[in-house]
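Below is one structure, written out as structure tokens; the observations come after it.
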Amino acid sequence: MQSLSRSTLWTRRELMRGLAALGVTAAGAPGTFGFARSGKQIEGDVDLLKFVDVMIGTGGHGHMYPGATVPFGMVQLSPDTYNNDWDWCSGYHISDESIMGFSHTHLSGTGCGDLLDFLVVPRTGEVRLVPGDRKQPGTGYRSRFSHANEHAHPGYYSVLLDDAGVRAELTATEHAGFHRYTFPASDSSHILLDLSHAYGEAGKDIVWCALSQANERAILAGHATNAWGPGREMYIALEFSRPFDRLEFYVDDKPVAASSTQLRGKNLKAVAYFKTRADEQILIKAGLSGVSADGARKNLAAELPDWDFDKVCRAAQDRWRRELSKIQIETADNDRKTIFYTALYHTMLAPTLFDDVDGLYRGMDGEVHQLTSGQRNYTTFSLWDTYRAEHPLFTLIQSDRVPDMVNSLIRMAEQSPAGVPVWPLQGKETGCMTGYHSSAVIAEACMKGFTGIDYQAGLKALKKRALDDDYRGLQWYRSMGYIPADLEDESVSKTLEYDYDDWAIAHLAEKLGDPTTAGLLRERSHNYRHYWNAETGFLRPKLQDGSWATPFDPIAMGHSKKWRDYTESNAWQTTFGIQHDVTAYIETMGGDKAFVAKLDELFNQPSTLPPDAPPDIAGMVGQYAHGNEPSHHIAYLYSYAGEPAKTHERIHFLNTTMYHNDSDGMAGNEDCGQMSAWFILSAIGFYPVDPVSTHYAFGTPLFDRSTLTLAGGKQLVFEARRSTPASIYVSSVSLNGKPYPQSWFSHEEIAGGGIFVLEIGSQPDPQFGKAVSARPRSG
């Protein structure tokens, strides 16, 4: 990946660590920072929050935001430094030197932008209604700031806005954001609410805005946007800690009197005026809802009944402590510990809750639906990415959330005009990426024995997509066994994605007593074979007449400029894109030696890419691209061919070179937690190459000991016993004190907990994982 220039953050980071060591709390004087302590300590005397650096991923192409949220929370209250262009998909980039304001919803590390709902801007001086030029902050309401005055940790964010002289502090609950602004003495203090602010070109994607005054200290508002999620609706209720001195509304930037009568338009703003004393604090509680402004008020009343900002901040921190403590690692390397716990934090920023406290939610049909008591509704599923490692991780340490997440996907499949979810965002289908990998998430949960899920409804919807829908080349996939490159874009990748979806649905159908569907789709999941070209040694595109598409170059995106033949990849990466039929594929490629030689060739190629390669193809090691998800399982494929030592070498290299304790600390977009989930599982010592199979392949542990807390408090332990500190080669494994001869294990074996002890040497063991009976297998 080609990194952007990095801002120097060492001063900020050292300040964070130093203040934390001194025990400075968020409840201190304005501008101080630290961790608000609860009575419970995690990992002995060490607070795991100190090992989370929320600035990791805010530089380079990580697309992360640094603001306040709680695990899987609906609200992500965070600063926006810009709201357009690719590296601002989350609204923030570390390279910026000014802040527009603070909005309430943000995407976590995605490759497309949206959200940034309801920008709040605290200011003094002249009222400005537009953000102004990024390079000239004085031209609008944006304010300069210094990273030295910016402090953040899970559940809390703070920054000094230099132009306004206002200290901003933010925290959150599941459905509400909590702002605390410390003003200077001023007769011109004011707080702007910009409803026309959203991701994208100014005002372009606003469908409508609504605004009204609820009382002398509260505002109700909402808007709909047409960005990535077309027609997405969101509502807000804001309550201020003191009555407005004056409240003014603006329509198309022209003032009108504030009123309880709802205004509607495409460019609405509100300005609340205050005369403030030195260090006077004005607080704002802001409830969100995807249903209605009334729903936002209910959420606000339920979660923020009083004005104790510090109590809410401590509660948010405690929620993060509980979640982070579900994996305990032992290592003397604090940098790696920071990378690990920041990665674990990232995995809990999506999916996000999308329901109200009364159980109402807006469905994919645009209608409001009622959940049954105890159910939750989730959104923001980056399924093309997260089915690979993040959802398997959830089945281990977030098992209580899995049924609600899977039922959410099934409800979407039933309610959405677009059918089974592909990349759902807040009641809308973005249709982003290839395949429809809700199939994998549903099937994995079924195969791992999760209950309380309407699998029959899921199977019905998935069968419709697989067997009937005219969807992105599926008609040719069904009739010809492949998708012709002259009839459909990204044809090779789409065929492989549909192969895996067929594989997933076949497992689900077999489990639910539908052997006919299972047999049909299991056989169809081998369709990738149509693309195998023995002459070149690659999976390459084929035309409608059955001939190979030419010209062919394995580093190219496709055979013509009309469209790509591969999805964010080329023939090198796609040729190793088979996750579910690896054992048979090895034979197709000529057997173990030929397969391993081809894998070596992949990793040892020049990292040259053509000019039209998308920036997502990043983190290159030869033609392996760690910064993009289709490569994530590839290093583990050596074990399928009886060469686990090569897996150990590759995984150790990727663990130690692709993740850093820095703002530009990851090789590609976070993609809602998948980049981090890969690291978490690989650093512990295993990975789900084929999640639906419920099997995990051993890698090589990065840490001395890792303990995962599973359902019911059961513990799964991975202990590394190294012959030397630098040893990376697994030579033998025991489970619960008994020899374990395989280089893989099943979910069923560890669902009740257990202790793996891995003996690790400095040289490859000639026997470990060599026997066919010991290898991971598929089929």
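The values are calculated or read from the model by the stated rules, or taken from the named source; none is laboratory data. Since the structure is predicted, the reported quantities are computational estimates derived from the model, not experimental observations. Because the Cβ atoms are built from the backbone with ideal geometry, glycine has one as well, and the counts that use them run over all protein chains shown. Remember, those area values only see protein heavy atoms, side chains included, never the ligands or the DNA or RNA. Shrake-Rupley method; radii C 1.70, N 1.55, O 1.52, S 1.80 Å.
Key figures
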item	result
Residue in the range 434-449 that is in a loop (DSSP other than H, G, I, E, B), of a type in the set (A, V, I, L, M, F, W, C) and closer than 18 Å to Val692 by Cβ present	no
Where Gly177 falls short, out of the listed (1) more than 24 Å from the chain's Cα centre (by Cα); (2) in contact (Cβ under 8 Å) with a residue 12 or more places away in the chain	(1)
Any hit, the range 438-451, residues being under 12 Å from Leu409 (Cβ atoms), open to solvent by 40 Å² or more (accessible area, probe 1.4 Å), without any contact (Cβ under 8 Å) to a residue 60 or more places away in the chain and not aliphatic (A, V, I, L, M)	no
Hits in the range 348-400 - residues which are closer than 19 Å to His175 by Cβ, part of a loop (DSSP other than H, G, I, E, B) and aliphatic (A, V, I, L, M)	Met348, Leu349, Ala350, Val357, Leu371
Any pair with Cβ under 9 angstrom, 6 or more apart, that starts in the range 599-621 at a residue that is farther than 15 Å from Ile634 by Cα and among the hydroxyl-bearing types (Ser, Thr, Tyr) and ends at one that is part of a loop (DSSP other than H, G, I, E, B) and open to solvent by 30 Å² or more (accessible area, probe 1.4 Å)	Thr608/Ile555
Residue check, Tyr566 in contact (Cβ under 8 Å) with a residue 24 or more places away in the chain, assigned to a helix (DSSP H, G or I) and open to solvent by less than 50 Å² (accessible area, probe 1.4 Å)	no
Some residue of the range 393-402 being open to solvent by less than 10 Å² (accessible area, probe 1.4 Å), touching a strand residue (DSSP E or B) at 6+ places or on another chain (Cβ under 8 Å) and either over 21 Å from Thr707 (Cβ atoms) or at pLDDT below 95 (or both)	no
Those residues of the range 481-494 which are part of a helix (DSSP H, G or I) and in contact with a strand residue (DSSP E or B) (Cβ under 9 Å, 6 or more places away or on another chain), in sequence order	Ser491, Val492
Residues (of a type outside the set (Lys, Arg) and surrounded by 13 or more Cβ atoms within 10 Å (Cβ to Cβ)) located in the range 259-278	Gln262, Leu263, Gly265, Asn267, Leu268, Ala270, Val271, Ala272, Tyr273, Phe274, Thr276
Filter result for Asp306 (acidic (Asp, Glu) and not in a helix (DSSP H, G or I))	yes
In the range 748-779, the residues that are under 23 Å from Thr707 (Cβ atoms) and not in a loop (DSSP other than H, G, I, E, B)	Glu748, Glu749, Ile750, Gly754, Ile755, Phe756, Val757, Leu758, Glu759, Ile760
Residue list for the range 272-330, filter: farther than 21 Å from Val54 by Cα and β-branched (Val, Ile, Thr)	Thr276, Ile282, Ile284, Val291
For Gly481: the one exception among (1) in contact with an Asp or Glu (Cβ under 9 Å, 6 or more places away or on another chain); (2) closer than 27 Å to Glu629 by Cα; (3) surrounded by fewer than 17 Cβ atoms within 10 Å (Cβ to Cβ); (4) of a type outside the set (Ser, Thr, Tyr)	(1)
Test: residue in the range 351-358 that is open to solvent by 10 Å² or more (accessible area, probe 1.4 Å), over 15 Å from Ser289 (Cβ atoms) and either small (Gly, Ala, Ser) or under 22 Å from the mean Cα position of the chain (by Cα) (or both)	no
Filtered residues of the range 158-191 (kept if open to solvent by 10 Å² or more (accessible area, probe 1.4 Å) and outside any strand (DSSP E or B))	Asp162, Asp163, Gly165, Thr173, Glu174, Pro184, Ala185
Yes/no for Leu324 being closer than 28 Å to Asn407 by Cα and either open to solvent by less than 10 Å² (accessible area, probe 1.4 Å) or in contact with a Pro (Cβ under 8 Å, 6 or more places away or on another chain) (or both)	yes
Strands (runs of 3 or more DSSP E) wholly inside the range 629-747 that include at least 1 residues being in contact with a His (Cβ under 9 Å, 6 or more places away or on another chain) and either without any contact (Cβ under 8 Å) to a residue 40 or more places away in the chain or open to solvent by 10 Å² or more (accessible area, probe 1.4 Å) (or both)	695-698, 729-735, 744-746
Ala152 in a strand (DSSP E or B) and either under 30 Å from Gln317 (Cβ atoms) or of a type in the set (A, V, I, L, M, F, W, C) (or both)	yes
Residue within the range 60-83 that is surrounded by fewer than 20 Cβ atoms within 10 Å (Cβ to Cβ) and hydrophobic (A, V, I, L, M, F, W, C) present	no
Subset of the range 466-478 that is open to solvent by 10 Å² or more (accessible area, probe 1.4 Å) and part of a helix (DSSP H, G or I) - its residue that is nearest to Ala556 (Cα to Cα)	Trp476
Enumeration of residues in the range 573-589 that are in contact (Cβ under 8 Å) with a residue 24 or more places away in the chain and either within 25 Å of the chain's Cα centre (by Cα) or open to solvent by 10 Å² or more (accessible area, probe 1.4 Å) (or both)	Gln573, Thr574, Phe576, Gly577, Ile578, Gln579, His580, Thr583, Ala584, Thr588, Met589
Near pairs, Cβ below 6 angstrom, 6+ apart or cross-chain, from the range 230-243 (basic (Lys, Arg)) to any residue that is open to solvent by 30 Å² or more (accessible area, probe 1.4 Å)	Arg232/Lys428
